[in-house]
Amino acid sequence: MEAGTQVWCYESTGDDPWILSEITARSSDSITLKHASAESDASPSEFTRPLLTTGEGEGTKYEGVELANTPLSEADIEDGADNDMIALQHLHEPAILHAVSERYFRGEIYTWTGPVLIAVNPFQRLPLYTKEILESYRQEGLLRSQNLGNSNQKPLGPHVYSIADRSYRQMMSEQRK
């Protein structure tokens, strides 16, 4: 971890347990950091975290510090690069919380983590359960089950209808055996 690296720092006080920060300096036994956002004006401008373990590359660990993922571009987000958290470079508590939070604020309450669907309660009605959306996931599942998917078309995003379609098709294929 070098100066300028973006990291998540654990804070035991405040509303957010993980605060995006930037490393400003590194010594043999600690790192000096500053919060990346102006929201944390109540926090000290610079603070240190002690070294916990030493290792090669990302094996070096500091107390309450996790590497941050590189922010996605708008084009990557539009292409669905954040649909599955398995694709994240760093998969740890602050990375998961940040990814789910970012999607939630865009109105995307479903996120994949491999084959697992994570859902966040939006506390409002969203137009996610229309007949048209159901039909689009059913159609995609049908094409996928027959290996006829259109490789030029991006797959539909995470949704409970996708889980339902996969479960139904797997149950029916098991029944035929």
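The values are calculated or read from the model by the stated rules, or taken from the named source; none is laboratory data. All of these numbers come straight from a predicted model, not from anything done at the bench. Neighbour counts run over all protein chains shown; Cβ positions are idealised from the backbone, glycine included. The protein model used for the area step is the full one, side chains on, heavy atoms only, and it has no ligands, DNA or RNA in it. Shrake-Rupley method; radii C 1.70, N 1.55, O 1.52, S 1.80 Å.
Structure summary
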item	result
Residue that is most open to solvent (accessible area, probe 1.4 Å), among those in the range 25-34 that are under 14 Å from Y62 (Cα atoms) and assigned to a strand (DSSP E or B)	R26
Residue in the range 142-157 that is among the charged types (D, E, K, R), closer than 30 Å to E66 by Cα and assigned to a helix (DSSP H, G or I) present	no
Condition check for E66: of a type outside the set (A, V, I, L, M, F, W, C), part of a strand (DSSP E or B) and on the phi < 0 side of the Ramachandran plot	yes
Enumeration of residues in the range 45-61 that are within 22 Å of the chain's Cα centre (by Cα) and not charged (D, E, K, R)	G59
Test: residue in the range 1-11 that is over 21 Å from the mean Cα position of the chain (by Cα), more than 30 Å from Y161 (Cβ to Cβ) and in contact (Cβ under 8 Å) with a residue 40 or more places away in the chain	yes
The range 69-98 - residue that is over 11 Å from the mean Cα position of the chain (by Cα) and part of a helix (DSSP H, G or I) and, of those, surrounded by the most Cβ atoms within 10 Å (Cβ to Cβ)	I77
Of all residues in the range 1-17 being closer than 23 Å to T54 by Cβ and of a type outside the set (S, T, Y), the one that is most open to solvent (accessible area, probe 1.4 Å)	E2
Filtered residues of the range 130-154 (kept if touching a residue at least 12 places away in the same chain (Cβ under 8 Å) and of a type outside the set (A, V, I, L, M))	S136, Y137, R138, E140, G141, S145, K154
Subset tally (residues that are aliphatic (A, V, I, L, M), open to solvent by 70 Å² or more (accessible area, probe 1.4 Å) and part of a helix (DSSP H, G or I)) for the range 110-141	1
